[in-house]
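The values are calculated or read from the model by the stated rules, or taken from the named source; none is laboratory data. Given the structure is predicted, the values throughout are model-derived calculations rather than measurements. Here the Cβ positions follow ideal geometry from the backbone for every residue, glycine too, while neighbour counts run over all protein chains shown.
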Amino acid sequence: MAKINGYLSERDTLTLSYNMTRDNANRPLRANFTGTFLPYSCGDFNAFPNEKNPDDCLFENDASLFKTYSVNLVHNVSLNYEREGGSRFGDPKLKINGYTSIRNVQIDPLFRPSDIATIIPFTPNPKLGEENQCVAQGGIYDALKQTCSITFKSLGGGSVVANKNLFIINSGFNANVIHTIDHKNDNLLEYGLNYQNLTTFDKAIPKSELVKPGDAPDACLRVTGPNDPNMNGRCQRNGATANVVGVYAQANYTLHPMVTLGAGTRYDVYTLVDKDWQLHVTQGFSPSAALNVSPLENLNFRLSYAYVTRGPMPGGLVWMRQDNLRYNRNLKPEIGQNAEFNTEYSSQYFDFRAAGFVQLISNYINQFSSTLFVTNLPSQDIIYVPGYEVSGTAKYKGFSLGLSVARSWPSLKGRLIADVYELAATTGNVFILTASYTIPRTGLSITWLSRFVTDLDYCSYSPYRNGPTDIDRRPSDCPKTPGIFHVHKPGYGVSSFFITYKPTYKKLKGLSLNAVFNNVFNQQYIDQASPVMSPDEPNQDKYARGMAEPGFNARFEISYKF
């Protein structure tokens, strides 16, 4: 890491910064879960009376065997120019910054196809037909032996076990001009423009695998849905490239000493060339407004609304080599709306904050709701996310004690959603308790933080798995209808301890010692925000378990600023 500041004048500053991070380790292919694929297969493939007998299961694929050696290397560089503004409108503040981030992820599988699939005899269920849905699940059925084998290809073939050399290059610049309208009330007019380029590709894909329109009769034919026959045709550009150009303007003005109104809008144009060689062009406005009312000096109410338009961007890089990863030709921009109300109060001995919000997301773009077909959710499927947060902190001299509680309810079709990789995971109520003590005389600060999450047991709706055969076979009170799955996430409590020491001695000024002790009681738990449903395996591993968080761990840091 390096940072250089250049002071061109009393008001002009130029900053160049660079940092690099590199880590390498043996990791699971799926970083967020362990367990077996198809643990529900007894119910789907075997006679229902034997549903609870694990010995009758069709087959198992141990996800813990999907080990890889991976190297993650990131370079970040930025150049920033800033000119301090004056108190007059004609003397604006200028901010210009350019940036580039290059991330390279190399993944080398450490397993063989034979390591991750086993064949187990099973009892055919006559209700489900002669082949017992084996083929539908990606297997090969042997009627004489009454077995269903999972092949190398059905486990993802080259996409899963091939070496990967992934690149994500993000670069661009931002320019901002900020005018002072009323220096006394901090009223500002701000406008600017931005440009972003995001390029992704897999350097491990050889040129011999590239397929463009015209290379074959069925190459890169237009695909209208996951069941389109043209999905069988290959199309491979090896990469996706997006460009975003935007302009914006916003201002705030004090209507009354107690009332301030802010409003703004931005306009963005998105272009995306996807792996199917298709060009997508989308654009839209994103207006916002906020009203602040302060009836008392220490009390503030804020009501805000934002409407956001976002075009398609590159995604699913790890699946770039998958033949059936295809893009809808007519992607629409996503539309997000957020309304929020905040109340804040602060005093010498007590701080309080309460907030409630409602989010709506339509035309949501994802690649798993239609089995690796990148498209929008249907227009009638609007994601609804209400939520709240309440927090308070009591203070006395060097002591402080704080408590906060928060919760959100991401919902679709009237039910809480099952985990959605590209959007969110549903969690219970989150309580955070903090206690700290600071001794300014010595520069010592001690903090205790405990986080408690309540148990979550509900009937979820999955936007990934809602076809006619996607029925939860496990015993539960949930309706046995497509797309409805029982989800249970146990609650947990975990605590951490922080110590910071900044000596007050003049000779040691700039020295900082930090110690962090996480999970001090060594609790075994799975973060509820870690997705437990994996949507992207051909064999529909609906119930893979989330990976447990680390036990007790500690980190020490020494820094010196001069």
Open item on the list: For Ala289, only one of the following conditions fails: (1) buried (at least 18 other Cβ atoms within 10 Å of the Cβ); (2) of a type in the set (Gly, Ala, Ser); (3) modelled with pLDDT of 95 or more. What is its number?
Closed with: (1)
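Looking at this structure, is Asp381 of a type in the set (D, E, K, R), surrounded by 15 or more Cβ atoms within 10 Å (Cβ to Cβ) and either in a strand (DSSP E or B) or in contact with a Gly (Cβ under 6 Å, 6 or more places away or on another chain) (or both)? Break it down into steps so the answer makes sense when it comes.
Working: of a type in the set (D, E, K, R): yes; surrounded by 15 or more Cβ atoms within 10 Å (Cβ to Cβ): yes; either in a strand (DSSP E or B) or in contact with a Gly (Cβ under 6 Å, 6 or more places away or on another chain) (or both): no.
Judged against the criteria, Asp381 is not a match.
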Open item on the list: It is to be established whether one or more residues within the range 181-194 are modelled with pLDDT under 95 and farther than 30 Å from Gly90 by Cα.
Closed with: no
Open item on the list: Quick check on the range 398-406. Is at least one of its residues among the β-branched types (Val, Ile, Thr), outside the structural domain of Val487 (by TED's automatic domain parsing) and in contact (Cβ under 8 Å) with a residue 24 or more places away in the chain?
Closed with: yes
Task: Some residue of the range 274-284 being outside any strand (DSSP E or B) and closer than 30 Å to Phe352 by Cβ - done: no
Task: Per-region count, the range 285-324, residues over 15 Å from Asn238 (Cβ atoms), charged (D, E, K, R) and part of a loop (DSSP other than H, G, I, E, B) - done: 1
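Whether any residue in the range 261-270 is under 28 Å from the mean Cα position of the chain (by Cα) and under 26 Å from Lys164 (Cα atoms) is what I want to check. Outline the logic, then answer.
Residues of the range 261-270 that are under 28 Å from the mean Cα position of the chain (by Cα), as a first pass: 264-270.
Remaining after also requiring under 26 Å from Lys164 (Cα atoms): none.
No.
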TODO: Find the residue count for the range 500-510, including only residues that are over 30 Å from Arg451 (Cα atoms) and buried (at least 16 other Cβ atoms within 10 Å of the Cβ).
DONE: 0
Open item on the list: Filter the range 76-95 down to the residues that are part of a strand (DSSP E or B) and in contact with a Ser or Thr (Cβ under 7 Å, 6 or more places away or on another chain) and list them by number.
Closed with: Asn76, Val77, Ser78, Asn80, Glu82
Task: Qualifying residue in the range 476-499 (condition: surrounded by 15 or more Cβ atoms within 10 Å (Cβ to Cβ), out of contact with any Leu (no Cβ under 7 Å at 6 or more places or on another chain), of a type in the set (D, E, K, R) and at pLDDT 75 or above) - done: no
Task: Identity of the residue in the range 211-233, part of a helix (DSSP H, G or I) and exposed (fewer than 14 other Cβ atoms within 10 Å of the Cβ), that ends up farthest from the chain's Cα centre (by Cα) - done: Pro229
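Could you tell me whether Ser445 is in the same structural domain as Phe497 (by TED's automatic domain parsing), in a loop (DSSP other than H, G, I, E, B), polar (S, T, N, Q) and without any contact (Cβ under 8 Å) to a residue 60 or more places away in the chain?
When the stated conditions are applied, Ser445 does not pass them.
For the range 457-490, which positions are part of a strand (DSSP E or B) and within 30 Å of Val374 (Cβ to Cβ)?
Filtering the range 457-490 for residues part of a strand (DSSP E or B) gives 457-461, 484-489.
Tyr458, Cys459, Ser460, Tyr461, Ile484, Phe485, His486, Val487, Lys489, listed by residue number.
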Task: Filter result for Leu433 (more than 28 Å from Pro463 (Cα to Cα), assigned to a strand (DSSP E or B), in contact with a Leu (Cβ under 6 Å, 6 or more places away or on another chain) and in the same structural domain as Tyr505 (by TED's automatic domain parsing)) - done: yes
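Looking at the range 234-247 only, could you name the residues that are in a strand (DSSP E or B) and either surrounded by fewer than 19 Cβ atoms within 10 Å (Cβ to Cβ) or of a type in the set (Val, Ile, Thr) (or both)? Give the derivation first.
Residues of the range 234-247 that are in a strand (DSSP E or B), as a first pass: 236, 240-247.
Thr241, Asn243, Val244, Val245, Gly246, Val247, listed by residue number.
Those residues that are of a type in the set (D, E, K, R) and part of a strand (DSSP E or B), I need them from the range 326-373; list them, please. Break it down into steps so the answer makes sense when it comes.
Filtering the range 326-373 down to residues of a type in the set (D, E, K, R) leaves 326, 329, 332, 334, 340, 344, 351, 353.
Residues satisfying the conditions are Arg326, Glu334, Glu340, Glu344, Asp351, Arg353.
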TODO: With the checklist (1) in contact (Cβ under 8 Å) with a residue 40 or more places away in the chain; (2) in contact with a Phe, Trp or Tyr (Cβ under 7 Å, 6 or more places away or on another chain) in hand, flag the one item Phe341 doesn't pass.
DONE: (2)
